[in-house]
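Data first, discussion second: the structure below is written as structure tokens.
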Amino acid sequence: MALPVVLDVDTGVDDACAILLAALHPALDLRAVTCVGGNADVDAVVANTLTVLDAAGRPDLVVARGAERPLLEEAVDARHVHGLDGMADLDWPKSPRQPVVAHAVEVLRDVLLEAAAYADEEHRVTLVPLAPLTNIALLLRTYPQVAQGIREIVFMGGAAQAGNATASAEFNVFHDPEAAAVVLDACVDLDIAVTMYGLDVFYAPRISRGTAELLVSAGGHGASELAGRLIAFQCERFGSDSATIGDAGAVCAVIEPGAVRRERLPVRVELAGTWSRGRTIVDLRDWGGDLSHDPHGQARSTIDVCLEVDAQRFATLWLDTVSGGMR
Ligand code: RIB
Ligand code: CA
């Protein structure tokens, strides 16, 4: 049985790379894609997500509109990275479709409660947030009973080392630090397993400009051409000969979990720091003596943090899938 998954996205050039992989890989049963404001405003995210699913030949998939802004922070986009429309400003046909009327949190609730009703492991859903965690925080605090339908949460966010949105914070967590803190706390309350696919591995799986050109040559406004255009856009924007598959790496980690080295580590989110707000403070200390004298004590949340990745394996997995090699 293919693994049931739901993606929560802020599409997003690399979210689009992730959606293509999840929609096309035979090991996954993509049940829905929920949208949240982040890289662009939530309506642009919805439009981009529908467009990507059309290119993937998956107009059957449910898309839902979620939170427009963070729980407390003002919304700040990342159009300087992802383009004005949030998805590389491609001259690409926009989807004529609309999202479902229900809010993303309600769609997540319904999918997860349906999975919980089977009361078996194989129907439980792997939740893959690739964006600010606002929808997920609202979901877990509003409908905690959904936990029975969740196999695990594998989220793209945070970092054990340096940030990107600021010197110390990664964009998804920095955009809504309160939501990230709520999700980690709720997952302790609800005993939900969490894997953090953060910046420590995020940039490693890469596709070359030359490979992107081959993908684009497939034409036909299909998945392969879109995938190549997204990589080529990043190469241009960053002036590099290759580009990361970004969020798609978190989906790779669901398909091939053995390709990442992870450690179970205490993690907390800094909410108050002037220069460090939004930082995921990953406790890498390996001597109990330090902790026993630490006035902060150990973080309440201990999760699996991805520290190394077989980058070539993920790049190949993504490439084979979006180019049709897996179909
Ligand atoms: O920091 C990288 C993350 O921020 C990715 O999810 C990217 O799409 C942006 O949302
Ligand atoms: Ca994203």
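Just so you know, all these numbers are worked out from the coordinates, no wet-lab data involved. Computed from a predicted model, the values in this text were never measured in an experiment. Reconstructed Cβ throughout: ideal geometry from the backbone, glycine too, with neighbour counts over all protein chains shown.
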- Kindly provide the set of residues from region 203-225 that are within 16 Å of ligand 2 (Cβ to nearest atom) and either farther than 18 Å from G249 by Cα or touching a helix residue (DSSP H, G or I) at 6+ places or on another chain (Cβ under 6 Å) (or both), ordered by number. P205
- Query: Among the residues of region 91-116, how many are surrounded by fewer than 20 Cβ atoms within 10 Å (Cβ to Cβ), farther than 19 Å from E152 by Cβ and of a type outside the set (S, T, Y)?
  - Reply: 13
- Message: Of the conditions (1) within 16 Å of ligand 2 (Cβ to nearest atom); (2) crowded, with 16+ Cβ neighbours inside 10 Å; (3) in contact (Cβ under 8 Å) with a residue 60 or more places away in the chain; (4) part of a helix (DSSP H, G or I), V183 satisfies every one except a single condition; which number is it?
- Response: (3)
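Step by step: first the residues of region 235-248, then only those that are touching a helix residue (DSSP H, G or I) at 6+ places or on another chain (Cβ under 6 Å) and not in a loop (DSSP other than H, G, I, E, B), then the one that is surrounded by the fewest Cβ atoms within 10 Å (Cβ to Cβ). Which residue is that?
Going through region 235-248, the residues touching a helix residue (DSSP H, G or I) at 6+ places or on another chain (Cβ under 6 Å) turn out to be 235, 241, 243, 245-248.
So of that shortlist, the ones also not in a loop (DSSP other than H, G, I, E, B) come out as 235, 243, 248.
Numbers: C235: 19, A243: 24, A248: 30.
Going through the qualifying residues, I end up with C235.
Out of the residues in region 154-180 meeting the condition of being without any contact (Cβ under 8 Å) to a residue 40 or more places away in the chain and more than 14 Å from V267 (Cα to Cα), tell me which one is nearest to ligand 1 (Cβ to nearest atom). Even if it seems obvious, please write down each step before you answer.
Let us first name the residues in region 154-180 that are without any contact (Cβ under 8 Å) to a residue 40 or more places away in the chain, namely 161-162, 164.
Now drop any that are not more than 14 Å from V267 (Cα to Cα), which leaves 162, 164.
Numbers: A162: 11, N164: 5 Å.
The residue in question is N164.
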- Hey, any hits in region 157-166 for a residue that's in a helix (DSSP H, G or I) and surrounded by 19 or more Cβ atoms within 10 Å (Cβ to Cβ)? no
- Task: Consider only pairs whose beta carbons are under 9 Å apart and that are at least six residues apart or on different chains; among these, list those whose first residue lies in region 74-88 and is under 14 Å from A165 (Cβ atoms) and whose second residue is within 12 Å of ligand 2 (Cβ to nearest atom) and basic (K, R).
- Result: none
- Which of the residues that make up region 43-56 are among the aliphatic types (A, V, I, L, M), within 14 Å of ligand 2 (Cβ to nearest atom) and within 18 Å of G228 (Cα to Cα)? V52
- Long-range neighbours under 6 Å by Cβ, at least six apart or interchain, first residue within 14 Å of ligand 2 (Cβ to nearest atom) within region 14-42, second among the polar types (S, T, N, Q): L21/T321; V33/T49; T34/N135; C35/T49; V36/T134; V36/N135
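Pick from G289, G324, G228, G249: which is free of Cβ contacts under 8 Å to residues at least 24 places away in the same chain and closer than 27 Å to D89 by Cα?
Details: G289 fails: closer than 27 Å to D89 by Cα; G324 fails: free of Cβ contacts under 8 Å to residues at least 24 places away in the same chain; G249 fails: free of Cβ contacts under 8 Å to residues at least 24 places away in the same chain.
Just a single option satisfies the conditions, and that option is G228.
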- Message: So if I check each of V254, V309, V282, which one is surrounded by 19 or more Cβ atoms within 10 Å (Cβ to Cβ), within 30 Å of E74 (Cα to Cα) and of a type outside the set (D, E, K, R)?
- Response: V282
- Note on the structure: Counted residues in region 114-147 being touching an Asp or Glu at 6+ places or on another chain (Cβ under 8 Å), part of a helix (DSSP H, G or I) and among the β-branched types (V, I, T) come to 2
- Note on the structure: When region 64-121 is checked residue by residue, the ones that are under 19 Å from the mean Cα position of the chain (by Cα) and of a type in the set (G, A, S) are A64, G66, A67, A75, A78, G83, G86, A88, A104
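Just the residues that are of a type in the set (D, E, K, R) and either in contact with a strand residue (DSSP E or B) (Cβ under 6 Å, 6 or more places away or on another chain) or surrounded by fewer than 24 Cβ atoms within 10 Å (Cβ to Cβ) (or both), please, taken from region 5-39. Explain how you work it out, then say what you get.
First pass over region 5-39, keeping only residues of a type in the set (D, E, K, R): 8, 10, 14-15, 29, 31.
Hits for region 5-39 are D8, D15, D29, R31.
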